[in-house]
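Enquirer: What follows is a single structure, and I will ask about it in a moment.
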């Protein structure tokens with residue numbers, strides 16, 4: 001894995017942690033966005049269906065209350081057979097309450113299918129109450145006031161019981177809505193918290209990855225390369241230059257340092273060869289000088305011996321001979337001198 005980074009440009013190395021952090025953060029944002037979208041959808045479902053359903057049931061409660069109130073007025077305001085205008089007004093109000101109640105129950109059934117069984121039960125009971133009230137109104141229209149009053153008195157407990165049950169149902173639905181809203185708030189806050197914490201974690205992780213990558217793949221190799229350069233500068237050509245095989249900027253620098261080392265080795269070899277040749281030339285010069293000195297001494301010895309022989313000859317001494325051998329190149333000269341002296345002595 002690290003060898004892959006060794007062959008990656010430093011600019012690319014610096015981008016990799018940022019890209020990783022960006023991908024991680026984008027994933028986290030997508031996850032949080034999904035949770036928020038889910039919460040938003042549930043909120044929308046609650047506001048589009050659940051809340052209107054609760055409102056519709058509350059209107060049913062109001063219709064039931066209005067129905068009970070009108071029945072109360074019918075029984076106390078002597079409209080049964082007494083005041084035609086008042087009775088007609090109450091009849092219209094009762095009919096309106098019945099119609100509105102049934103419409104609101106139908107709307108609740110459509111908006112809240114999860115509680116369809118309860119709503120249908122309320123609807124059946126409401127229709128029963130409505131039938132009883134309409135029967136009372138019909139009896140009143142026929143001037144059968146006593147029978148109408150009895151029918152209304154019979155319907156009143158049914159209305160009260162239905163109102164109480166609907167109120168209990170509404171309270172439960174309101175409590176459910178509040179609990180669901182609280183759950184959605186918690187879910188949204190949880191998603192937001194996850195997004196913030198994960199974003200911080202992604203930033204810290206990206207920073208740590210960038211530091212690690214810069215240290216392992218850039219800083220440490222540069223430190224080692226600097227140490228090798230200092231060693232080469234002090235003349236230590238035994239150091240091993242690492243990283244020349246890399247294909248990034250550090251590899252380029254390592255190749256340059258290796259070239260410097262190779263050139264230094266070549267220079268050192270050339271200097272060693274020059275020194276060797278100089279020593280050989282010096283040895284040859286000294287040998288030649290010694291040979292010249294030796295030849296001079298040999299010549300001087302020949303001259304001295306011959307001069308001594310000639311001096312003896314000039315003094316009339318014919319017995320003088322050169323007994324000391326000469327150098328090979330002068331040995332014939334000694335022999336010839338001695339022969340000449342022998343010839344002179346014999347004559």
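The values are calculated or read from the model by the stated rules, or taken from the named source; none is laboratory data. The shown structure was predicted, so the numbers you read here are calculated from the model rather than taken from an experiment. Please note: Cβ atoms are built from the backbone with ideal geometry, for glycine as well, and neighbour counts cover all protein chains shown.
Enquirer: Determine, yes or no, whether residue 189 is surrounded by 14 or more Cβ atoms within 10 Å (Cβ to Cβ), without any contact (Cβ under 8 Å) to a residue 24 or more places away in the chain and assigned to a helix (DSSP H, G or I).
Expert: Taking the combined requirement at face value, the residue does not satisfy it.
Enquirer: I need a count of the residues in region 194-206 that are under 15 Å from residue 23 (Cα atoms) and touching a residue at least 40 places away in the same chain (Cβ under 8 Å).
Expert: The qualifying residues number 7.
Enquirer: In region 278-292, is there at least one residue being touching a residue at least 24 places away in the same chain (Cβ under 8 Å), more than 30 Å from residue 327 (Cα to Cα) and out of contact with any strand residue (DSSP E or B) (no Cβ under 7 Å at 6 or more places or on another chain)?
Expert: No - not one qualifying residue is present in region 278-292.
So that you can scan it fast, the table gives a plain yes or no per residue for (1) over 23 Å from residue 96 (Cβ atoms); (2) out of contact with any helix residue (DSSP H, G or I) (no Cβ under 7 Å at 6 or more places or on another chain); (3) modelled with pLDDT under 80:
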| residue | (1), (2), (3) |
| --- | --- |
| 107 | no, no, yes |
| 111 | no, no, yes |
| 116 | yes, no, yes |
| 126 | no, no, yes |
| 141 | no, yes, yes |
| 148 | no, no, yes |
| 157 | no, yes, no |
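Enquirer: (1) farther than 30 Å from residue 342 by Cα; (2) in contact with a helix residue (DSSP H, G or I) (Cβ under 7 Å, 6 or more places away or on another chain); (3) not in a helix (DSSP H, G or I): which one isn't true of residue 321, the others all being true?
Expert: (1)
Enquirer: Would you call residue 233 modelled with pLDDT under 85, over 25 Å from the mean Cα position of the chain (by Cα), exposed (fewer than 12 other Cβ atoms within 10 Å of the Cβ) and more than 30 Å from residue 19 (Cβ to Cβ)?
Expert: Considered against the rule, which asks whether it is modelled with pLDDT under 85, over 25 Å from the mean Cα position of the chain (by Cα), exposed (fewer than 12 other Cβ atoms within 10 Å of the Cβ) and more than 30 Å from residue 19 (Cβ to Cβ), residue 233 comes out as yes.
Enquirer: Still on this structure, please answer the following. Evaluate region 207-224: report whether one residue or more is more than 26 Å from residue 19 (Cβ to Cβ), out of contact with any strand residue (DSSP E or B) (no Cβ under 9 Å at 6 or more places or on another chain) and surrounded by 12 or more Cβ atoms within 10 Å (Cβ to Cβ).
Expert: yes
Enquirer: Sticking with this one: Does residue 231 satisfy the condition of being assigned to a helix (DSSP H, G or I) and either in the same structural domain as residue 122 (by TED's automatic domain parsing) or touching a residue at least 40 places away in the same chain (Cβ under 8 Å) (or both)?
Expert: no
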